[in-house]
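Asker: Provided herewith is a single structure, encoded as structure tokens, for subsequent inquiry.
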Amino acid sequence: MNSGLRLFFPLLSAIALTAGLQSCGTSDAKDEKSAAAEAAPALQAFALERSNLSSNIKIPGELIAFQQVDLYAKVSSFVKKLYADVGTQVQEGQLLATMEAPEINSQLSGADSRLKSQEAIYLSSKANYDRLLETSKTPGTVSQNDLDIAFARQKSDLAQLEAARAALREIGDNKNYLTIRAPFSGVITARNVSTGAYVGPAGKGSELPMFTLQQQRKLRLVVSVPEAYSGYLNDKDEVSFTVRSLNNRKFTGKIVRMAGALDKRLRSQHIELDVANEDKALLPGMVAEVNIPLNSATTNFVVPSTAVLNSTKGVFVIKIADHKTKWVPVTTGRSEDGKTEIFGELNDGDTLITNATEEVRDDVTVPAVKIGK
């Protein structure tokens, strides 16, 4: 018995010592986890709000003349004299060129002679009808049939007289086409004929215009805005642009005309801006870099760009509700100055994590949250 007891008590002491050590280890581990939880920094978050994100895009545009016209000869003729050349400043109605066509003068003389002949015929038939009408007042002197025939002839001769007058006016109008005048004030940018050249509506002389006239004191800036940004455009918005060939000098203009439809090939909307150019520093054909403001008429949710999580599963923001995280799928809009528009199942005042990372898992408890602005 004494030998058994001597073996039992040391074994019991070893078991008690082991149990005590395990108990101390478990307690220490719990204390370490609690301390770690207390020491973990609070997650930075913010309250979701709506606002209007102001941004802009830079798109190339082209400057064109406010008005441009190619001037052709209306009738077949030869250039008699030119009064303007490339670079000439002209005013509306100013004479640019005169042509000559001898056959038109002959046609005019013939038409004038036919008109005079027809006037004489009409006067004769009218006098005859007037005499018969006066004689018919005496009963039995003139039959009603003769009176009707005389009246019909007078009307026919009057119609022929009007036709002769119209023919004379037509030839006179054609003769007026022998002079070319400026339809508006501007500058001649091209001249393709010389004195003595044949011009007209048909033939080799009509392949190129006689003159090209441009109005340059005011220009059009033509821009094609992609479909994604067309909804942000507003009429009368002021737009700035620069021209590289002028050392990136800054100019301004206003959106005046919007097509209201998308180009089927480019999927973009055609817009035009009117640009004052009194000093003629800008030239038609120049390429400009246009800075177009994108101001939405409605307010959307705007968050810091760091709050948007781009993962392999999609695009999310991390929402905190009841001290738990929730990955909310969203779609993004414009981004500017570290802020991004988002669209999804969100409400005003929702708490979102400022720096969203995949380390913050979905549906986990958040020990502490610090809400900032």
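The values are calculated or read from the model by the stated rules, or taken from the named source; none is laboratory data. Every value quoted in this text rests on a predicted model; they were computed, and no experiment measured them. Cβ placement follows ideal geometry from the backbone for every residue including glycine, while neighbour counts extend to all protein chains displayed. Surface accessibility is based on the protein's heavy atoms, side chains included, excluding ligands, DNA and RNA. Shrake-Rupley method; radii C 1.70, N 1.55, O 1.52, S 1.80 Å.
Asker: I'm trying to understand the selection: among the residues of region 281-309, which are within 25 Å of the chain's Cα centre (by Cα) and open to solvent by 60 Å² or more (accessible area, probe 1.4 Å)?
Answerer: LEU283, VAL287, GLU289, ALA297, THR298, THR299
Asker: Does region 220-241 contain at least one residue that is at negative phi and of a type in the set (Lys, Arg)?
Answerer: yes
Asker: In region 315-340, what count of residues is obtained for those that are more than 29 Å from the chain's Cα centre (by Cα) and open to solvent by less than 20 Å² (accessible area, probe 1.4 Å)?
Answerer: Residues meeting the conditions: 5.
Asker: A follow-up question, please. Could you look through region 262-285, keep only residues that are more than 19 Å from ARG244 (Cα to Cα) and among the hydrophobic types (A, V, I, L, M, F, W, C), and pick out the one that is modelled with the lowest pLDDT?
Answerer: Selected residue: LEU266.
Asker: Kindly provide the set of residues from region 259-280 that are open to solvent by 70 Å² or more (accessible area, probe 1.4 Å), within 19 Å of the chain's Cα centre (by Cα) and either over 20 Å from GLY231 (Cα atoms) or of a type in the set (A, V, I, L, M) (or both), ordered by number.
Answerer: If the condition is that a residue be open to solvent by 70 Å² or more (accessible area, probe 1.4 Å), within 19 Å of the chain's Cα centre (by Cα) and either over 20 Å from GLY231 (Cα atoms) or of a type in the set (A, V, I, L, M) (or both), then LEU266, ALA276 are the ones that fit.
Asker: Can ARG191 be described as crowded, with 17+ Cβ neighbours inside 10 Å and either among the acidic types (Asp, Glu) or modelled with pLDDT of 90 or more (or both)?
Answerer: yes
Asker: I'm trying to understand the selection: among the residues of region 143-187, which are over 30 Å from ASN105 (Cα atoms), in contact (Cβ under 8 Å) with a residue 60 or more places away in the chain and aliphatic (A, V, I, L, M)?
Answerer: Matches in region 143-187: VAL187 only.
Asker: Moving to a separate point now. Name the residue that is nearest to ILE57 (Cα to Cα), counting only residues in region 210-269 that are in contact (Cβ under 8 Å) with a residue 24 or more places away in the chain, of a type in the set (D, E, K, R) and part of a loop (DSSP other than H, G, I, E, B).
Answerer: By that ranking, first place goes to ASP237.
Asker: Another question about this same structure. Working carefully through the options SER113, SER125, SER109, SER117, find the one that is part of a helix (DSSP H, G or I) and either buried (at least 17 other Cβ atoms within 10 Å of the Cβ) or among the hydrophobic types (A, V, I, L, M, F, W, C) (or both).
Answerer: Just a single option satisfies the conditions, and that option is SER125.
Asker: Next up: Name the single residue, out of those in region 160-188 being assigned to a helix (DSSP H, G or I) and open to solvent by 60 Å² or more (accessible area, probe 1.4 Å), that is farthest from THR98 (Cα to Cα).
Answerer: Per the criteria, the residue is GLN160.
Asker: Another question, if that's okay. Which of the following residues is farther than 27 Å from ILE255 by Cα, open to solvent by 40 Å² or more (accessible area, probe 1.4 Å), in contact (Cβ under 8 Å) with a residue 24 or more places away in the chain and out of contact with any Asp or Glu (no Cβ under 8 Å at 6 or more places or on another chain): THR312, THR357?
Answerer: THR357
Asker: Any residue in region 341-353 that is open to solvent by 10 Å² or more (accessible area, probe 1.4 Å) sitting within a Cβ distance under 7 Å of a residue that is in a loop (DSSP other than H, G, I, E, B)? List the pairs, counting only those 6 or more apart or interchain.
Answerer: The qualifying pairs are LEU346/LEU48; ASP348/LEU48; ASP348/GLU49; GLY349/LEU48; ASP350/LEU48.
Asker: For region 272-365, which fully contained strands (runs of 3 or more DSSP E) count at least 2 residues that are under 30 Å from GLU238 (Cα atoms)?
Answerer: By residue number, 287-294, 300-304, 324-336, 339-344.
Asker: If a residue has to be within 30 Å of LEU352 (Cβ to Cβ) and not in a strand (DSSP E or B) to count, how many in region 50-78 make the cut?
Answerer: 3
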